[in-house]
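K.L.:
First, the structure itself, so that you have it in front of you.
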Amino acid sequence: MLKCVAVDDEPLALLQIKNYAAQVAGVELVAACNSAAEAKRALVENDADVIFVDINMPDQDGLSFVQSLPVKPIVVFTTAYDQYAIDGFKAGAMDYLLKPFDLEEFKRVVEKVSHQVELLHKAADETDGDLFVKADYKIVKLSLQNIRYIEAMSEYLKIYTEDYKRPLTVLMSMKKMEERLCGSYFMRIHRSYIINLHKIAEVTRSHVALQGDGEASIPIGDLYKETFMSYVTKRFLVK
């Protein structure tokens, strides 16, 4: 199912996309937003594959909105002015729809987007020991064993790895990342942190120190302390 978010300050334009999405098999409109601010919240709450964005909006125009997102789904701009097309492609859009567009034009774009999403999902499923994330206009492949820890930052996550000097910023909920990683050799030990258990260097009553370049002292949250300390206790070496 192709999950879509639509952003337009014109109610009739949103209604049109909603009606078109309902007529195309395999398409689900998960959020219809009338402002960039509302769209940002929708992208946090929904795992969208594509976002249809109007370029001309009063609170924040579509181009600056898209450029402000650290991590982006596939972008399709909707506009009544074809001169914005080049600017849209410069902002990383896959395509654009010139208003007023009909159902067949919408289907054409959906087919193009669906093909790209299918390729991305196929690549992500090839290796169980890898994680593919959207960061900096790219799909980045991470080796799970090289992930040190993950930190929640408002609506984004920062992934600290041994492969990159700087953390990768991704648009994903902590809950979804926990579902993807925890249960193997990752554990959530704080509302804002998931750690790689293989990277533990030291454990104190309130913090975990991790191996690797650069100091990383991760706090242990009260809600997670019992489960984590149970894991540690089972691995005590005793006489």
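All of the numbers you see were taken from the coordinates with simple rules; none came from a lab. All of these numbers come straight from a predicted model, not from anything done at the bench. Ideal geometry is used to build each Cβ from the backbone, glycine not excepted, and the neighbour counts take in all protein chains shown.
K.L.:
Counting Lys and Arg as +1 and Asp and Glu as -1, each charge on the Cβ, what is the dipole of the chain about the Cα centre in debye, to the nearest 20?
P.N.:
It comes to approximately 1240 debye.
K.L.:
Provide the percentage of antiparallel DSSP beta bridges, counting only those with both residues in the chain; round to the nearest 5.
P.N.:
Roughly 60 percent of the DSSP beta bridges within the chain come out antiparallel.
K.L.:
Taking the radius of gyration and the Kirkwood hydrodynamic radius from Cα positions alone, what is the Rg/Rh ratio for region 2-124, to two decimal places? Mind showing how you got there, number by number?
P.N.:
On the way: Rg = 13.1 Å, Rh = 14.2 Å.
Looking at region 2-124, the ratio lands at 0.92.
K.L.:
Per residue of the chain, what 222 nm ellipticity follows from adding -39500 (n - 2.57) for every DSSP H run with n ≥ 4, rounded to the nearest 500?
P.N.:
The helix contribution divided over the chain gives -10000 deg cm²/dmol.
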